[in-house]
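The values are calculated or read from the model by the stated rules, or taken from the named source; none is laboratory data. Computed from a prediction, not measured in an experiment: that's the story for all the values here. Note that each Cβ is placed from the backbone with ideal geometry, even for glycine, and that neighbours are counted across all protein chains shown. The area values use the complete protein model at the heavy-atom level, side chains included, leaving out ligands, DNA and RNA. Shrake-Rupley method; radii C 1.70, N 1.55, O 1.52, S 1.80 Å.
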Amino acid sequence: MYTLYIGNKNYSTWSLRAWVLMKTLGIAFHEKQFALYRPDTPARIRQVSPSSRVPCLRDGEVVVWDSLAIAEYLAERHPGVWPADAIARAWARSAAAEMHSGFARLRDELGMNVKLRSTRTPSVAVAAEIARIVELWREGRERFGHDGDFLCGAFTAVDAFWCPVAFRFQSYDIALDGTTAAYCRALLALPAMREWAADAANEGELNASVDPGRLQAQQP
């Protein structure tokens, strides 16, 4: 059986992608979690992940790190990781890769914090990135999503890559409408997303860059 190493569920967007993909597609795995904000964390993760980062997937002697590499590794072994249609699959891979490598300002200004409920006005740069996300979501739903609730109909890896964004939009009360609002609700309603959120709610470790107010409140 696979072993998937992940970080804190309240904050670790990269871990969420691999975890929610495997959970939703019914790919069995053992879960092992690291607390990310301790001095010895990089050294501890280094023992299982060559990059000293999570997620990392182990399959016997095979080690696969990075969420996009994990998705591709799983696609070689399990059906349904990517859309079956070649055109939809090419689009889905492109949309997932754009998420994987882009949207730096969104990541910086609206860090994933599953527990948080706040209202924040995005900067001009972040608003532009949100507009691009809305464009991608609308395109996927309109071109390929007629047979289901997700970007290419059934849930696939491209949706897993947008799950952290759905949590961000919920946390910071980002306004959506029509097709994109429905898609965001569909992601948040996934049983795996609900399970992840419930686990995140029980975590105690705080990331000062995302939760400075809560961190200060707990200090003596």
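Across segment 172-188, the number of residues qualifying as open to solvent by less than 50 Å² (accessible area, probe 1.4 Å) and either in a helix (DSSP H, G or I) or modelled with pLDDT under 90 (or both) comes to 8. A search for C-beta distances below 7 Å between a residue of segment 151-171 that is open to solvent by 10 Å² or more (accessible area, probe 1.4 Å) and any residue that is of a type in the set (Ser, Thr, Tyr) and modelled with pLDDT of 95 or more, counting only pairs 6+ apart in sequence or on different chains, returns Phe155/Thr24. Restricting Ser94, Ser101, Ser123 to those that are free of Cβ contacts under 8 Å to residues at least 24 places away in the same chain and over 18 Å from the mean Cα position of the chain (by Cα) reduces the list to Ser123.
Just for strands (runs of 3 or more DSSP E) wholly inside segment 29-148: which have at least 3 residues that are of a type outside the set (Val, Ile, Thr) and either open to solvent by 40 Å² or more (accessible area, probe 1.4 Å) or touching a helix residue (DSSP H, G or I) at 6+ places or on another chain (Cβ under 9 Å) (or both)?
Answer list for segment 29-148: 29-33, 56-59.
Scanning segment 1-25 for residues that are more than 10 Å from the chain's Cα centre (by Cα) and in a helix (DSSP H, G or I) yields a total of 4.
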